[in-house]
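Engineer: Structure provided below as structure tokens; questions to follow.
The values are calculated or read from the model by the stated rules, or taken from the named source; none is laboratory data. Since the structure is predicted, the reported quantities are computational estimates derived from the model, not experimental observations. All Cβ positions, glycine included, derive from the backbone under ideal geometry; neighbour counts span all protein chains shown.
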Amino acid sequence: MNRPVFAFAALVALAACGSEPQRWADFSKLRPPSIGSEYLLCGPAICPLGGKPRDTLRFSYPAEHVAAVVAGLEPSAVQRQLPNGDFQLRYTVKAPTARVADDVDVLVRADSAYTAEVAIYSRTRITTVDLGKNKARVEKLVADLTAELGEPLP
């Protein structure tokens, strides 16, 4: 192996191992992702700057129940309740081959006592390209939530 390739591989390995988790996502400030290493699924009620009406994901269950289902689907998720009553969950996923860490934030907001809206933001920590992994991760979480909670509300 030549030296430049070896040096680059060592640098990537160190960056992947030493990357710190990002802060909790502030969904009210998120804009549509401009780089390929992020994916946002969020309606305008939660993400006024970056949400799209077609990305609104609502279920006919209380927010507490939806947050518990997300925590059950992702056992490593850390959960907190915000002062406004929203539930925010966050977990880290490592790619099996490169071991690059990706962060996923999920926000669950009560629309009413019986319905909740969900927003999901997935991003890669150290690269600017993810080859569609963040979008696939969000789509899988939506499919898992649909399997547990039924079809989202229109």
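Engineer: Conditions: (1) assigned to a helix (DSSP H, G or I); (2) modelled with pLDDT under 95; (3) under 15 Å from I120 (Cα atoms). V12 meets all but one. Number of the miss?
Structural biologist: It is condition (3) that V12 fails.
Engineer: Could you grab me the full set of residues in the range 65-111 that are among the hydroxyl-bearing types (S, T, Y) and either touching a strand residue (DSSP E or B) at 6+ places or on another chain (Cβ under 9 Å) or modelled with pLDDT of 95 or more (or both)?
Structural biologist: Answer for the range 65-111, where residues must be among the hydroxyl-bearing types (S, T, Y) and either touching a strand residue (DSSP E or B) at 6+ places or on another chain (Cβ under 9 Å) or modelled with pLDDT of 95 or more (or both): S76, Y91, T92.
Engineer: Out of (1) in contact (Cβ under 8 Å) with a residue 40 or more places away in the chain; (2) closer than 20 Å to A25 by Cβ; (3) surrounded by 13 or more Cβ atoms within 10 Å (Cβ to Cβ), what's the single condition that is false for R80?
Structural biologist: Just one mismatch for R80, condition (3).
Engineer: Would you say L149 is of a type in the set (A, V, I, L, M), free of Cβ contacts under 8 Å to residues at least 24 places away in the same chain, touching a strand residue (DSSP E or B) at 6+ places or on another chain (Cβ under 9 Å) and farther than 17 Å from P33 by Cα?
Structural biologist: Working: of a type in the set (A, V, I, L, M): yes; free of Cβ contacts under 8 Å to residues at least 24 places away in the same chain: no; touching a strand residue (DSSP E or B) at 6+ places or on another chain (Cβ under 9 Å): yes; farther than 17 Å from P33 by Cα: yes.
Here the answer is no, as L149 does not meet what is asked.
Engineer: Is it the case that the range 92-106 has a residue that's closer than 18 Å to L145 by Cβ, of a type in the set (K, R) and part of a strand (DSSP E or B)? Reasoning before the result, please.
Structural biologist: The initial filter retains those residues of the range 92-106 that are closer than 18 Å to L145 by Cβ, namely 93, 104-106.
Of the ones still in play, those that are also of a type in the set (K, R) are none.
No: zero hits.
Engineer: Ok, one more. Can you tell which of L89, L41 is buried (at least 17 other Cβ atoms within 10 Å of the Cβ), free of Cβ contacts under 8 Å to residues at least 24 places away in the same chain and closer than 20 Å to A147 by Cα? Break it down into steps so the answer makes sense when it comes.
Structural biologist: Details: L41 fails: free of Cβ contacts under 8 Å to residues at least 24 places away in the same chain.
Exactly one residue qualifies, and that residue is L89.
Engineer: Right, something else. So Y114 clears everything in (1) crowded, with 20+ Cβ neighbours inside 10 Å; (2) in contact with a Ser or Thr (Cβ under 9 Å, 6 or more places away or on another chain) except one condition, right? Which one?
Structural biologist: Going through (1) crowded, with 20+ Cβ neighbours inside 10 Å; (2) in contact with a Ser or Thr (Cβ under 9 Å, 6 or more places away or on another chain) one by one, Y114 breaks only (1).
Engineer: Condition (residue is surrounded by fewer than 19 Cβ atoms within 10 Å (Cβ to Cβ), touching a Pro at 6+ places or on another chain (Cβ under 7 Å) and touching a residue at least 40 places away in the same chain (Cβ under 8 Å)) applied to the range 54-69: is it met by at least one residue?
Structural biologist: yes
Engineer: Also, I was wondering about something else. How many residues are aliphatic (A, V, I, L, M) and at pLDDT below 90 when one looks only at the range 129-146? Reasoning before the result, please.
Structural biologist: First, the residues of the range 129-146 that are aliphatic (A, V, I, L, M): 129, 131, 136, 138, 141-143, 145.
This time we only want the ones that are at pLDDT below 90, so: 129, 131.
Residues meeting the conditions: 2.
Engineer: Search the range 117-127 for residues being in contact with a strand residue (DSSP E or B) (Cβ under 6 Å, 6 or more places away or on another chain) and of a type outside the set (S, T, N, Q), and hand back the single one that is surrounded by the fewest Cβ atoms within 10 Å (Cβ to Cβ).
Structural biologist: Applying the first criterion (in contact with a strand residue (DSSP E or B) (Cβ under 6 Å, 6 or more places away or on another chain)) to the range 117-127 yields 117-125.
With of a type outside the set (S, T, N, Q) added as a condition, the list becomes 117-121, 123, 125.
Details: E117: 22, V118: 27, A119: 26, I120: 26, Y121: 24, R123: 18, R125: 16.
Only one residue tops the list, namely R125.
Engineer: So, of the residues in the range 39-59 that are out of contact with any Gly (no Cβ under 8 Å at 6 or more places or on another chain) and within 19 Å of A77 (Cβ to Cβ), which turns out to be modelled with the lowest pLDDT?
Structural biologist: Y39
Engineer: Could you grab the pairs with beta carbons closer than 9 Å, sequence gap of 6+ or different chains, first residue in the range 100-111 and within 14 Å of E38 (Cα to Cα) and without any contact (Cβ under 8 Å) to a residue 24 or more places away in the chain, second one surrounded by fewer than 21 Cβ atoms within 10 Å (Cβ to Cβ) and basic (K, R)?
Structural biologist: Within 9 Å, no pair qualifies.
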